[in-house]
Amino acid sequence: MISFRARPQFPQGKLFLFLLLLGFPPASRGTIRYEVSLDHPEKHIFHVVMHVPDVSGSVTVQIPAWNALYQIRDFSSHVERLEAFIGEQPARIEKLDKQTWGITGSGTVTVRYDTYWDEPGPFGTQLNKDHAFINPAMILMYVPNRRAEAVHLSLPEIPDAWQAASASLTMLESMGGARNFGFDARSYDDLADAPIEVGKFEEFTLTQDAAEVRVIIHGDNWRRDRVSDVLRRICAYEIKLMDGAPFDHYTFIIHIGKAAYGAGGGMEHVNSTAVSVPSDDFLPGVAAHEFFHLWNVKRIRPATLEPVDYTKEQYTRALWFAEGVTNTYGAYALVRTGLWTKQQFYEDLSDQITELEARPAEHWQSAEQSSLDAWLEKYPLYNRPDHSVSYYTKGQLLGLLLDILIRDHTNNNASLDDVLRLMNREFAAKGRFYRDSLDVRLMAERAADTSFEDFFRRYVAGAEPLPYNQVLPLAGLELRSATRSRAVPGFSLERTPTGDWRVVSIDPDGEAARSGLREGYLILRWNDGDVPRRLERWLREQKPGDKLRLRLRREDKEQSLEFPLGEVKETLWQVVESSAVGEKANRIRYGLLRGTSGSENAH
C-alpha cells in the first residue's frame, strides 16, 4: 500500500467531478451541457451537442486552438457540419474566424457538430473500435465569457461492455443495461483538464487512508505486479518529498503495448495523467515525471501560464523549470526509490549532457529563450541541432547543478528539495503563481542563504557553457569524453498543415537516397507504426545499420522502401564518480542519490 498523507486541496486545483445517471434530474439552470455520442466508433466521429442556456440576443462559441502540447493545432480543422437551433428552429450562424462562430438567438441555444479524431497518444483524441480517449478541449466548444460556469458532459451512447473513467469518477449503470455516463465540472477549464478513457480496460487501486491512486490500463504487454510496484514507489516517494498528497483521488490512464499505436509520452493534468508506452519497461521514467507535475506546473505554476488563453500562443520563460526541473526530479525519484541503480542515474545524466553539447544552438539559445520558443517545436527545421536546444534537457541539467551548489554552500544542510517545498508553500498552497525565473531564483537564495543572481544571469537567461567542470566535482563527480557512432536516418522531415510527415531534404550520399527516397514523399508508416514524436530520442535507441521500413505516398501512388540507418561520429560525455573525494563532496553525492540533507546524511 502507498502511505499517503492527504492534505486540503490547493485553491486553483480541484475538479469537482461526479458521475451521474442520465435518468437523474437535469443539471441546474445556467449549466452549459454537452452530449457526446460514440455511436459507430469505427467511423472515428464524435457527434457533439452543446446546450447554452440563458442567451440574450446572441452568443459566441469557440473551440481551442491548442491544448496539451505547446503547439497551435487548430482543433477547428476537425469540426464538420456545424448547425445551431433555438428550440426546433434553425438559428443564424456566422463564422467569425478559424475557431469562432457567432449565433443569433435568445433562450437556450443548441449547437450541433461532428468532429473527427483518430489520433493516438496522451496529446491526442481517438475514437475507434477498441476505445475512446478524449482530451475534452479537443472536441468541446465553449462560450468565451462563460468559461467559469458549471458544465455537464454526458456520454449517452456507449458501446456494449465498455467502461468509462476520468479523475475522481465512479462508474454507474442505468437500469436495463444501457451505459450512460455523465460528468459534472465546476468550469469548462476543469473539464478540459480531465481526460476521459472509455472502452475495455483493466483497473486497480493503490490506496491508503483518504488518498487514492486509481490505475486504468488499456492495452497489453504489461505485468500487474511490475506496474503496481513502479507506481507505488514513485507515488510514495514524491508525496513524502513534497510533504503530502495534494489530492483525494488521482488517476493514471495508461495506454500500453499495441494500444499505444507508436505514440509515446505522457501528459499531466491536475488530478490525473495520461501515459502511452510500448511496454511496462518504459513506464517508470514517464510516470515519475508526470506524477511530479502534480506539484510543478499544475500547482506550482508560472504566472505567465495563467489564465489559460486557448486562442493563441501563451509565452513563458519558465518551461526550463516547469518541465526541465521536473525531469530532474523524475531522475531523482527513480534512483532514490531503487528503480534505477546509481549507474543508471549517471548514464541518464551523461546522455543529457551529450545531447545538449551536440547541439550548436547551445552556444546561443538560453534556457529561457528555449522556453519562449516552445511553440516552434512542431516545425522539423526548428528541432534541428543548429536551431534549438530542449528546455527539458537544459532544465534538467540546470536543476542538478543548482542542487549541487545549494548543497555545497550550506554544507549539505539544504538542497533543491527545499526550493520545491518552499515554492509549494509560498505559491501553490496560497493560490499564487510565481514570476518565471525570478521567483525560482529568490526561493533558491532563500534556501541557500546566498545569491544566485550570477548563476541565473549566465546560465538561465544567458547561454554561457554550463559549468560542469566547476560544479560536478563539488559532488565527487567528474566529466569524461569519448567518441561513439550514432544512427542517422539520412533525411529530414516536416509536418504538413494536414498533419502528415513530408520528406524535405535528403543526404545525397546516404542509404536513404540510394534506396530511392526523394523529397516530397509523405510517410504513411514508420516501421509499422507512426513517425516517432521525438525522432532524436528514437534514433538514440537504434544502431547504425538497423533497418528502417517506410510506407510512402507521392501523387496518389504508394510504395514501400527499406534501407539501413546511416552513421555519424559524435562526442560522448560520461559522468563518473571521482576516485579521490573529500568528506563534504561525498555527503553531497550521497544526498543527491538518496535525497538526504542535514542530519539525514549519516550513512
### Query
Looking at the range 467-508, which of its residues are in a helix (DSSP H, G or I) and hydroxyl-bearing (Ser, Thr, Tyr)?
Tyr468
### Task
For Leu479, state whether it is assigned by TED's automatic domain parsing to the domain that holds Lys394 and either at pLDDT 95 or above or more than 23 Å from Thr304 (Cα to Cα) (or both).
no
### Summary
Over the range 398-436, the set of residues of a type in the set (Ser, Thr, Tyr) and in contact with a Pro (Cβ under 9 Å, 6 or more places away or on another chain) is Tyr434
### Query
Looking at this structure, is Pro195 closer than 16 Å to Arg33 by Cβ, buried (at least 20 other Cβ atoms within 10 Å of the Cβ), modelled with pLDDT of 95 or more and in the same structural domain as Arg73 (by TED's automatic domain parsing)?
no
### Query
Which of the residues spanning the range 132-152 are more than 15 Å from Trp66 (Cα to Cα) and buried (at least 23 other Cβ atoms within 10 Å of the Cβ)?
Ala132, Phe133, Val151
### Message
If I filter the range 260-275 down to residues being among the small types (Gly, Ala, Ser) and modelled with pLDDT of 95 or more, which single residue comes out as farthest from Asp189 (Cα to Cα)?
### Response
Gly266
### Query
Give me the pairs: first residue in the range 87-100 and in the same structural domain as Tyr310 (by TED's automatic domain parsing) and closer than 13 Å to Phe75 by Cα, second residue basic (Lys, Arg) and loosely packed, with under 10 Cβ neighbours inside 10 Å, beta-carbon distance under 6 Å, and six or more apart or on different chains, which are they?
none
### Conditions (1) assigned to a loop (DSSP other than H, G, I, E, B); (2) over 32 Å from the mean Cα position of the chain (by Cα); (3) exposed (fewer than 14 other Cβ atoms within 10 Å of the Cβ); number of the one not met by Ser560
(1)
### Tally, over the range 376-390, of residues that are out of contact with any helix residue (DSSP H, G or I) (no Cβ under 9 Å at 6 or more places or on another chain) and surrounded by 15 or more Cβ atoms within 10 Å (Cβ to Cβ)
3
### Task
Taking the options Arg486, Arg480, Arg502, name whichever one is touching a residue at least 24 places away in the same chain (Cβ under 8 Å), surrounded by 16 or more Cβ atoms within 10 Å (Cβ to Cβ) and more than 22 Å from Met423 (Cβ to Cβ).
Arg486
### Query
Within the range 322-343, is even one residue closer than 22 Å to Tyr434 by Cα, among the hydrophobic types (A, V, I, L, M, F, W, C) and modelled with pLDDT of 95 or more?
yes
### Residue that is farthest from the chain's Cα centre (by Cα) [pool: residues in the range 317-353 that are among the polar types (S, T, N, Q) and surrounded by 22 or more Cβ atoms within 10 Å (Cβ to Cβ)]
Gln352
### Task
Could you list all residues from the range 101-118 that are more than 18 Å from Leu140 (Cα to Cα) and either in the same structural domain as Thr498 (by TED's automatic domain parsing) or surrounded by 16 or more Cβ atoms within 10 Å (Cβ to Cβ) (or both)?
Gly105
### Message
Can you list residue pairs whose Cβ atoms sit under 8 Å apart, with the first residue in the range 298-311 being aromatic (Phe, Trp, Tyr) and the second being crowded, with 17+ Cβ neighbours inside 10 Å? Count only pairs 6 or more apart in sequence or on different chains.
### Response
Tyr310/Gln62; Tyr310/Pro64; Tyr310/Ala65; Tyr310/Trp66; Tyr310/Asn67; Tyr310/Ala137; Tyr310/Tyr142
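Residues are listed down the side, and each one gets a yes or a no for (1) surrounded by 19 or more Cβ atoms within 10 Å (Cβ to Cβ); (2) closer than 28 Å to Arg589 by Cβ:
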residue	(1), (2)
Phe427	yes, no
Val440	yes, yes
Phe456	yes, yes
Glu464	no, yes
Pro473	no, yes
### Summary
Checked the range 567-589 for anything buried (at least 19 other Cβ atoms within 10 Å of the Cβ) and either assigned by TED's automatic domain parsing to the domain that holds Thr328 or among the small types (Gly, Ala, Ser) (or both); matches are Ala585, Arg587, Ile588, Arg589
### Query
Quick one: is Leu20 under 15 Å from Leu155 (Cβ atoms) and at pLDDT below 50?
yes
### Query
Would the range 165-183 turn up any residue that is over 18 Å from Phe133 (Cα atoms), among the hydrophobic types (A, V, I, L, M, F, W, C), modelled with pLDDT of 90 or more and not in a loop (DSSP other than H, G, I, E, B)?
no
### Query
So, of the residues in the range 228-250 that are aliphatic (A, V, I, L, M) and crowded, with 22+ Cβ neighbours inside 10 Å, which turns out to be farthest from Ala132 (Cα to Cα)?
Met242
### Query
Quick check: anything in the range 72-83 among the basic types (Lys, Arg), crowded, with 19+ Cβ neighbours inside 10 Å and under 30 Å from Tyr379 (Cα atoms)?
yes
### Summary
Given (1) touching an Asp or Glu at 6+ places or on another chain (Cβ under 9 Å); (2) at pLDDT 90 or above; (3) closer than 24 Å to Asp348 by Cα; (4) among the polar types (S, T, N, Q), Gln542 misses just (1)
### Query
Is it the case that some residue within the range 388-395 is within 21 Å of the chain's Cα centre (by Cα), of a type outside the set (Val, Ile, Thr) and in a loop (DSSP other than H, G, I, E, B)?
yes
### Message
What pairs come out if I take residues in the range 278-289 that are hydroxyl-bearing (Ser, Thr, Tyr) and pair them with residues that are buried (at least 21 other Cβ atoms within 10 Å of the Cβ) whose C-beta lies under 9 Å away, six or more apart or interchain?
### Response
Ser279/Ile256; Ser279/Ala260
## Note on the structure
Note on the range 110-138: residues assigned to a strand (DSSP E or B), aliphatic (A, V, I, L, M) and touching a Ser or Thr at 6+ places or on another chain (Cβ under 9 Å) are Ala132, Ile134
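The values are calculated or read from the model by the stated rules, or taken from the named source; none is laboratory data. This structure is a prediction, so every number in the text was calculated from the model and none was measured. Using ideal geometry, Cβ is built from the backbone for each residue, glycine included, and neighbour counts are taken over all protein chains shown.
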